[in-house]
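The values are calculated or read from the model by the stated rules, or taken from the named source; none is laboratory data. It should be emphasised that the depicted structure is a prediction, and the values quoted were computed from it without experimental measurement. Note that we place each Cβ from the backbone using ideal geometry, even for glycine, and neighbour counts take in every protein chain shown. Only protein heavy atoms, including side chains, enter the accessible area calculation; ligands, DNA and RNA are left aside. Shrake-Rupley method; radii C 1.70, N 1.55, O 1.52, S 1.80 Å.
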Amino acid sequence: MVRWRLLRRLVKQKTALLGLVICLVLGFSAVFAPYITPYDPMKINMRERLQTPSAAHWFGTDELGRDVLTRLIFGARISLTVGAISILVALSIGVPLGVISAFYGGFVDTWIMRTMDALAAFPAILLALAIVSVLGPNIRNAMIAIGIVYLPAFSRMARASVLSVQENDFVEAGRAAGATNVRLMLRTILPNAFAPILVLASLGFANAIIIESGLSFLGLGAQAPSPSWGLMLNQGRQFMTQTVWYSVSAGLAIFISVLGLNLVGDGLRDVLDPRLRGR
């Protein structure tokens, strides 16, 4: 019931509803990509290379004669998968570290937070570049790198949320009732501290897509012939004089997807923060 009530509040916000529609369209396109377009994203047809938009190819073709719109649709699979898995990696590691840090305090808190501070000292894209350079340029390592980049953000958010919750009366009542530390953390504290973490995850999803596109643009993420938006952006800029649609369409795909996710994140923040519900 609570989830449905939150969803109703979310869809009442016009900007959040627009973001939800964008995300649903992207998700639908990624899942049903083979059924949406009649073209093969990998099939080369040199006779139709660098065509301008037409009825047969709405966004034209690339330097190898592949349909650009088809590659954009299949590229949504890569971007959404990378964003989802990298954020799940950061959530599954960063949140437990933050919860443990806040719950136990002392030396444990100091050690965990100083480690996170060391990671956060590096600019996100430079840290991701360094990790991918060490592990090797492919999409799996890009997901690992982005997950590591977001560890400090999730651990800090989890720590701050737990610190604000754990002194409440219901937590003290749980301790008095004999609940173990693990039960207190998982069943009592974390569910009540998860709202800001959820907002951060939605916003982090959008930034993860940008970082993945940047890595692919530099040749350290998805590798050719994968239909990655960042890779298409890099390849298309070489043919701007022949067909501007090739590169611009990939940039628009990144912009629209990030916009939709940010709108959803802002809507979740407004819905989950009681101080903003009345605005």
Of (1) in a loop (DSSP other than H, G, I, E, B); (2) among the small types (Gly, Ala, Ser); (3) open to solvent by 60 Å² or more (accessible area, probe 1.4 Å), Ser92 satisfies all except one. Which?
(1)
It is to be established whether one or more residues within the stretch 50-73 are open to solvent by 60 Å² or more (accessible area, probe 1.4 Å), of a type outside the set (A, V, I, L, M) and in a helix (DSSP H, G or I).
no
Taking the stretch 98-125 on its own, how many of its residues are aliphatic (A, V, I, L, M) and open to solvent by 50 Å² or more (accessible area, probe 1.4 Å)?
5
Is at least one residue of the stretch 8-17 under 17 Å from the mean Cα position of the chain (by Cα) and open to solvent by 20 Å² or more (accessible area, probe 1.4 Å)?
no
Quick one: would you say Asn192 is in contact with a helix residue (DSSP H, G or I) (Cβ under 6 Å, 6 or more places away or on another chain), at pLDDT below 75 and open to solvent by 50 Å² or more (accessible area, probe 1.4 Å)?
yes
Pairs needed: first member in the stretch 121-146, under 21 Å from Ala206 (Cβ atoms); second member anywhere, of a type in the set (D, E, K, R) and open to solvent by less than 30 Å² (accessible area, probe 1.4 Å); C-beta distance under 7 Å; at least 6 residues apart or different chains.
Ala142/Glu212; Ile146/Glu212
Looking at this structure, is Leu184 in contact with a Gly (Cβ under 6 Å, 6 or more places away or on another chain), part of a helix (DSSP H, G or I) and modelled with pLDDT under 80?
yes
State which residue is modelled with the highest pLDDT when the search covers only the stretch 224-253 and only residues that are surrounded by fewer than 20 Cβ atoms within 10 Å (Cβ to Cβ) and of a type in the set (Val, Ile, Thr).
Val248
Given the structure, is Arg47 of a type in the set (Lys, Arg), surrounded by fewer than 16 Cβ atoms within 10 Å (Cβ to Cβ) and not in a loop (DSSP other than H, G, I, E, B)?
yes
For the stretch 255-268, does any single residue satisfy the condition of being modelled with pLDDT of 90 or more, part of a helix (DSSP H, G or I) and of a type in the set (Val, Ile, Thr)?
yes
Under the condition of being part of a helix (DSSP H, G or I) and in contact (Cβ under 8 Å) with a residue 40 or more places away in the chain, which residue from the stretch 239-254 is farthest from Cys23 (Cα to Cα)?
Phe239
Assess whether Gly174 counts as being at pLDDT below 75 and outside any helix (DSSP H, G or I).
no
All positions within the stretch 126-161 that are open to solvent by 20 Å² or more (accessible area, probe 1.4 Å) and not in a helix (DSSP H, G or I):
Pro137, Asn138, Tyr150
